[in-house]
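Heads up: the structure comes next, in structure tokens.
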Amino acid sequence: MHDLGQGSWREVLPVGVAGLVVWSLWVYRFVLSRRAHPVVNDFRTTTSVVVPSYREDPETLLRCLRSWLAQDPTEVLVVVDVADADCMEALATVEDPRLRVIRFAHHGKRSALGVGIRAAKGEILVLCDSDTSWTPGLLDAVQMPFVDPTVGAVSTQQNVYQRTTSIWRRVADWLVNLRYLDYVPAMGRAGAVACVSGRTAVYRRSAVMPVLQHLEHEFFLGKRCVSGDDGRLTWLVLASGFKTVHQSSAKALSMFPDTFRAFAKQRIRWSRNSYRTYLTALWKGWLWRVPFITKVTVLQILLTPLTMGLTLGYLFFSRLDFSSGVGKGILIAAAWLLIGRGIRGAAHLRRHPQELLLLPVVAVVVVLIALPIKLYAFATMNKQGWLTRSTDSVGAEAQGSSTLAPEPA
């Protein structure tokens, strides 16, 4: 590493300024998130849980269904693909008047959502993935923010189901915690969560119905969009003048992959969805009408490959002296990466301090997501597909019930 001598401050100035901006924004978002608190009141109304189910693991679907029904919604509508005989058979064993099973030839998740939403009767729509279960109190908690008539959507706190059953689930849970502890609450406090995750997303029915056709029939550069329904619906509701908020007291648990291959596929799909959604919001001018914290968060997400690439490129190719001291320079660079990632992971590590040993893996994964995965996703953003579900599989790839530990008796 070059010694810092006279005039050498000019060499570190670019990365120093960039780092100051990035860390200042992180601190700002961190502080806002800590000042965000869940809404608490006695507001309750009718609720319709809408669940698209495509080739789901029947055991997973029934486990999740029990968690939804236990919270006494007005109704649960499960929209099952007509070819999915196993799930139909499993659902037929459930005798509950609140459960409505709708057989439908799926043309992607959005088509099933459209069918379920139109059939729903509740004032509040709880859109839920077929592999997501709820912790006690979620349904009551998500209704509370709707006491404000300007609230159109509510985001839930989310984590990985049985997070300790795989290193990749632990990594995913770390990254999910970064999102829901340090990012989403700040945007929710401002009334503009950029993406109300579809694992469990809650909407005012009157905010959804006028824009439903735009969810079902979205095209990007001439191609019909298959995934990314949650980001699309979030921005349609924001563009209609409603707020999208976060309720940290409403906690959901979702299945995540237990292999790196499926983990990477999931990240590619999410990154493609983000690029299409946020570039559309940028192009249509929706982005400029939301609060500053949401604007800057979206722009940072869009520019992640560029900022990460420039920072690492500058660090390794400009600051390293390849004629001497290369090993020392690499160690310093690695230490910088680990310390920065450790600070950003503080909220997760407070909950799981033993996972400090996982820090090097998380740091490498973050770089992989920010550079090769996001760059590939950007180059192929208009390639439509789900990647982790297919007609000849049961459940999403590496997310079946067989990958879980046995439930306690």
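The values are calculated or read from the model by the stated rules, or taken from the named source; none is laboratory data. Just so you know, these numbers come straight off a predicted model, no measurement behind them. With ideal geometry, Cβ positions are generated from the backbone for all residues, glycine too; neighbour counts draw on all protein chains shown. When the accessible area is computed, the model is the full protein with side chains, heavy atoms only, and any ligands, DNA or RNA have been set aside. Shrake-Rupley method; radii C 1.70, N 1.55, O 1.52, S 1.80 Å.
Rundown of residues vs (1) open to solvent by 10 Å² or more (accessible area, probe 1.4 Å); (2) among the polar types (S, T, N, Q), yes/no style:
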| position | (1), (2) |
| --- | --- |
| Gly122 | no, no |
| Thr132 | no, yes |
| Gly137 | yes, no |
| Asp140 | yes, no |
| Pro145 | no, no |
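Kindly provide the set of residues from the range 369-409 that are closer than 22 Å to Arg170 by Cβ and exposed (fewer than 14 other Cβ atoms within 10 Å of the Cβ), ordered by number.
Pro372, Ser402, Ala405, Pro406, Glu407, Pro408
Please go through the range 45-99 and give me each residue that is closer than 16 Å to Gly122 by Cα, assigned to a loop (DSSP other than H, G, I, E, B), without any contact (Cβ under 8 Å) to a residue 60 or more places away in the chain and touching a helix residue (DSSP H, G or I) at 6+ places or on another chain (Cβ under 9 Å), ordered by number.
Arg98
Condition first: at pLDDT 95 or above and buried (at least 19 other Cβ atoms within 10 Å of the Cβ). Now tell me which residues in the range 226-242 satisfy that.
Gly228, Asp229, Asp230, Gly231, Arg232, Leu233, Thr234, Trp235, Leu236, Val237, Leu238, Phe242
Considering only the range 256-276, I want to know if a residue exists there that is buried (at least 23 other Cβ atoms within 10 Å of the Cβ) and aliphatic (A, V, I, L, M).
no
Specify which of the listed residues (Ile339, Ile343, Ile332) is assigned to a helix (DSSP H, G or I), aliphatic (A, V, I, L, M) and either in contact with a Cys (Cβ under 8 Å, 6 or more places away or on another chain) or at pLDDT 95 or above (or both). I'd like the intermediate steps shown before the answer.
Details: Ile339 fails: either in contact with a Cys (Cβ under 8 Å, 6 or more places away or on another chain) or at pLDDT 95 or above (or both); Ile332 fails: either in contact with a Cys (Cβ under 8 Å, 6 or more places away or on another chain) or at pLDDT 95 or above (or both).
Among Ile339, Ile343, Ile332, only Ile343 is assigned to a helix (DSSP H, G or I), aliphatic (A, V, I, L, M) and either in contact with a Cys (Cβ under 8 Å, 6 or more places away or on another chain) or at pLDDT 95 or above (or both).
So which of Pro97, Pro73 ends up being modelled with pLDDT of 95 or more and buried (at least 17 other Cβ atoms within 10 Å of the Cβ)? Steps first, answer last, please.
Numbers: Pro97 fails: buried (at least 17 other Cβ atoms within 10 Å of the Cβ).
The unique qualifying residue is Pro73.
If I filter the range 103-120 down to residues being surrounded by 19 or more Cβ atoms within 10 Å (Cβ to Cβ) and of a type in the set (D, E, K, R), which single residue comes out as nearest to Ala92 (Cα to Cα)?
Lys109
Exactly one condition in (1) buried (at least 20 other Cβ atoms within 10 Å of the Cβ); (2) within 19 Å of Ser393 (Cα to Cα); (3) in contact with a strand residue (DSSP E or B) (Cβ under 9 Å, 6 or more places away or on another chain); (4) at pLDDT 95 or above is false for Arg55; which is it?
(4)
Need a quick list: strands (runs of 3 or more DSSP E) entirely within the range 100-205 having at least 2 residues that are over 19 Å from Ser67 (Cα atoms), of a type outside the set (A, V, I, L, M) and in contact (Cβ under 8 Å) with a residue 40 or more places away in the chain. Walk me through it before giving the result.
Numbers: elements: 124-128, 132-134, 151-160, 200-204.
Hits in the range 100-205: 200-204.
For the range 60-82, does any single residue satisfy the condition of being within 29 Å of Ile301 (Cβ to Cβ) and of a type in the set (D, E, K, R)?
Looking for residues that are within 29 Å of Ile301 (Cβ to Cβ) and of a type in the set (D, E, K, R), one finds none in the range 60-82, hence no.
Give the residue that is most open to solvent (accessible area, probe 1.4 Å), with candidates limited to residues of the range 342-367 that are in contact (Cβ under 8 Å) with a residue 24 or more places away in the chain and under 15 Å from Phe263 (Cα atoms).
Val361
I need the full set of residues from the range 214-235 which are within 20 Å of Arg269 (Cβ to Cβ) and part of a helix (DSSP H, G or I), in order please.
Leu215, Glu216, Asp229, Asp230, Gly231, Arg232, Leu233, Thr234, Trp235
Which of the residues belonging to the range 151-208 are surrounded by fewer than 20 Cβ atoms within 10 Å (Cβ to Cβ), over 21 Å from Gly345 (Cα atoms) and of a type in the set (S, T, N, Q)?
Ser206
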